[in-house]
Every structure is written in structure tokens, then in C-alpha cells.
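This report refers to the structure that appears directly beneath it.
The values are calculated or read from the model by the stated rules, or taken from the named source; none is laboratory data. None of the values given here were measured: they were computed from a predicted structure. When we count neighbours, we look across all protein chains shown, and the Cβ atoms used for this are built from the backbone with ideal geometry, even at glycine. These area figures cover heavy atoms from the full protein model, side chains too; ligands, DNA and RNA do not enter into them. Shrake-Rupley method; radii C 1.70, N 1.55, O 1.52, S 1.80 Å.
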Amino acid sequence: MNVTVVICTHDRRELLARTIESLNRAHHPEKCGVSILVIANACADDTVPWLEHYRKSTEHDDLLPLEYAVIPTPGKSNALNHAANLIRSEVTTYVDDDHRVDANYLTNICA
């Protein structure tokens with residue numbers, strides 16, 4: 001089984017980084033693939049360069065894989081609708097860019 005964690009964000013790169021860090025610290029289930037999909041919603045800060053740097057880091061570090069999309073139209077509903085068209089996994093979960101997940105979050109989602 002594969003799980004996509006969707007995070008929509010707008011100009012909150014520092015909070016987003018903390019959220020992704022909490023996902024990487026969480027226990028990763030053995031029989032479940034987990035990836036992150038970030039929708040950068042009309043971001044004017046350094047979110048997109050940071051996401052690109054993170055993606056390049058996953059090639060060398062033990063980080064969750066991440067894909068992202070940039071959409072120019074502001075609004076969370078626009079971001080969520082765009083994300084729905086990109087998800088290819090059997091299971092989807094949504095985390096806000098200012099949340100931190102529990103250590104068992106991913107294993108519980110997969111269970």
C-alpha cells in the first residue's frame with residue numbers, strides 16, 4: 001500500500017519545514033510506502049526553492065520522498081482541488097502546514 005501526505009501551503013516555509021521534519025521523524029511503516037505532496041499555493045516567499053532543495057536531499061538522505069506543484073491561484077480549495085488530480089496512491093491523508101504529527105501517525109494511517 002502507498003500513502004500520500006498532502007500539505008497545502010502559502011508563504012509559510014518555516015512552518016512547512018517543521019511539519020515535514022515531524023513527518024520524517026515519525027515511525028515509517030515497513031510495508032507501506034509514504035510520500036509527501038506539497039501544493040505551493042501562490043507562494044511569494046522561498047517555499048519553492050526550499051522544496052527543490054529538499055527533493056534533491058532525498059536522493060542522498062533517508063528522507064520521505066516529496067513531490068510538489070506550484071499553483072498561482074490563491075485559496076486552499078484551489079490547492080486541494082489541484083492536489084486531488086495528482087494523487088496516485090491508494091490512501092491519502094492531509095496535514096496542514098502548521099501541524100506536527102505524532103510519532104505513530106504514519107503507522108496508524110497505514111494500519
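Numbers for the structure displayed
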read-out	value
Filtered residues of region 51-69 (kept if out of contact with any Leu (no Cβ under 9 Å at 6 or more places or on another chain) and not in a loop (DSSP other than H, G, I, E, B))	Glu52, His53, Lys56
Test: residue in region 4-21 that is over 27 Å from Ala111 (Cβ atoms) and assigned to a strand (DSSP E or B)	yes
Tally, over region 19-32, of residues that are touching a helix residue (DSSP H, G or I) at 6+ places or on another chain (Cβ under 7 Å) and surrounded by fewer than 16 Cβ atoms within 10 Å (Cβ to Cβ)	2
Residue check for Leu80: out of contact with any His (no Cβ under 9 Å at 6 or more places or on another chain), surrounded by 12 or more Cβ atoms within 10 Å (Cβ to Cβ) and assigned to a loop (DSSP other than H, G, I, E, B)	no
Single match in Val70, Val38, Val48 (criterion: in contact with a strand residue (DSSP E or B) (Cβ under 6 Å, 6 or more places away or on another chain) and under 13 Å from Thr4 (Cα atoms))	Val38
Which numbered condition Arg55 misses (of (1) over 22 Å from Ala111 (Cα atoms); (2) touching a residue at least 24 places away in the same chain (Cβ under 8 Å); (3) touching a Phe, Trp or Tyr at 6+ places or on another chain (Cβ under 8 Å))	(2)
Output for region 1-18, where each listed residue is within 13 Å of Tyr54 (Cα to Cα) and open to solvent by less than 80 Å² (accessible area, probe 1.4 Å)	Arg13, Leu16, Ala17
Identity of the residue in region 89-111, touching a Cys at 6+ places or on another chain (Cβ under 9 Å) and farther than 22 Å from Leu15 by Cβ, that ends up surrounded by the fewest Cβ atoms within 10 Å (Cβ to Cβ)	Ala111
Residue pairs meeting the criteria (Cβ under 9 Å; at least 6 apart or on separate chains; first in contact (Cβ under 8 Å) with a residue 24 or more places away in the chain, in region 87-111; second surrounded by 14 or more Cβ atoms within 10 Å (Cβ to Cβ) and of a type in the set (Phe, Trp, Tyr))	Thr93/Tyr105; Val95/Tyr105
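Yes/no per residue for (1) aliphatic (A, V, I, L, M); (2) within 15 Å of the chain's Cα centre (by Cα); (3) at pLDDT 95 or above:
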residue: Asp61; (1), (2), (3): no, no, no
residue: Ser77; (1), (2), (3): no, no, yes
residue: Leu80; (1), (2), (3): yes, yes, yes
residue: Ala84; (1), (2), (3): yes, yes, yes
residue: Arg88; (1), (2), (3): no, yes, yes
residue: Tyr94; (1), (2), (3): no, yes, yes
residue: Asn104; (1), (2), (3): no, no, yes
residue: Thr107; (1), (2), (3): no, no, yes
